[in-house]
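Beneath this line is the structure, given in structure tokens, with notes to follow.
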Amino acid sequence: MVATGEDQSPNGIFLASNESVYGPGERAREAISRSAGAVERYPDDGMARLADAIGARFGIDSETICCGFGSDDLLARLARAYLSPGDELIHSAHGYPKIPNYAYANDAVPVSAADRDFTADVDAILECVTDRTRIVMLANPDNPAGTYLSGVEVRRLHEYLRPEILLVLDSAYIEYVSAPDYENPLALIKSSTNVVMTRTFSKVFGLAGLRVGWVCGPVDIIDTLKRIGITFPISAPALAACEATLQDRDHFERVVGENHRIREMFSDVLKSLGFEVIPSQTNFVLVRFADPDQAICNHQALEADGIYARRLAGGEFARCVRFTLGMEEEMLRCIAVLEQGCQKDG
Ligand SMILES: Cc1ncc(COP(=O)(O)O)c(C=O)c1O
């Protein structure tokens, strides 16, 4: 991906990294402040305490949970634990761009499966399976497109994978999904031996800066992931904040509700103005322009107005700009800039 402008002013509107514009709720903020009084100690048993809190909140056995330094840490650990040199990891062509790196980091081979207009394609993925396939890793919903696979499709994919192939479902944006045919992968995890899902506190819970994620899966996989992780992966402020935020249902509901409302408003207004909007199930929206020049030109016009969205590089992404959903006024400002149109340099 192409980074946004280097010269971001402190007063800009930052819509590039899919963080929650609402941040954490008051309860989590207070817990972080309180935790400052005890940072000279390791957060003893922090991982187990957080796994218990997550388990209680989501109705999951805490023995099937491992917490880490963002879900990125856990995706990397899964690759480290289960990929040997020469093994293949299948990912969706326009899926989460970090996924191929997890393969490269372990001398494994990333295999790109064609998608259907930015949506993962189960048949194409299955066609990529070989004797060397060890992991299929998908973000669902996906980033940067915001598209998703239905529960039926995920189960169909799983049905045709050999049991020794690990299906990793990166569910970083699961809380934002409103599509009725999406399924939380928990039931599939419980009924199988080769499915895991990763989750994060970086998005809907507004704690990206504290770097906390978790993974749920079969106990043998979870034990392996725990063994290869660092000691005390969850800092004391992170533990306090996560425990508090899991209790704060009001903040959670408000964030999810506002995100849905603004996602619809932003998408509908842009569509009514003639822009191509990829339907999103996340806290960001991908807009596709006629060509890469238009994407660059609109991105520059936004930056000139202090709005930092994410321009993407490579293939079909070259004509796209991704907007993390901010506050309503911020999204209206984006719309105003896009509506005004842009002049190409030179
Ligand atoms: C699909 C997806 N997976 C994982 C991550 C990493 O999240 P974390 O902050 O938990 O490492 C991101 C971050 O943007 C993401 O978009």
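Quick notes
- Filter result (buried (at least 17 other Cβ atoms within 10 Å of the Cβ) and away from the ligand (no atom under 16 Å from the Cβ)) within segment 52-61: Ala53, Gly55, Ile60
- Given (1) polar (S, T, N, Q); (2) away from the ligand (no atom under 16 Å from the Cβ); (3) not in a loop (DSSP other than H, G, I, E, B), number of the condition Asn106 does not satisfy: (3)
- Meets criteria (within 26 Å of Ala208 (Cα to Cα) and in contact with an Asp or Glu (Cβ under 9 Å, 6 or more places away or on another chain)) for Ile65: yes
- Considering the conditions (1) crowded, with 22+ Cβ neighbours inside 10 Å; (2) out of contact with any Pro (no Cβ under 6 Å at 6 or more places or on another chain), Arg80 is excluded by exactly one of them, (1).
- Residue check, Asp305 farther than 25 Å from Tyr173 by Cβ, of a type in the set (Asp, Glu) and either outside the structural domain of Ser150 (by TED's automatic domain parsing) or touching a residue at least 24 places away in the same chain (Cβ under 8 Å) (or both): yes
- Segment 68-90: number of residues that are more than 13 Å from Asn101 (Cα to Cα) and away from the ligand (no atom under 11 Å from the Cβ): 6
The values are calculated or read from the model by the stated rules, or taken from the named source; none is laboratory data. Keep in mind that what you see is a predicted model, and the values were worked out from it rather than measured. Note that we place each Cβ from the backbone using ideal geometry, even for glycine, and neighbour counts take in every protein chain shown.
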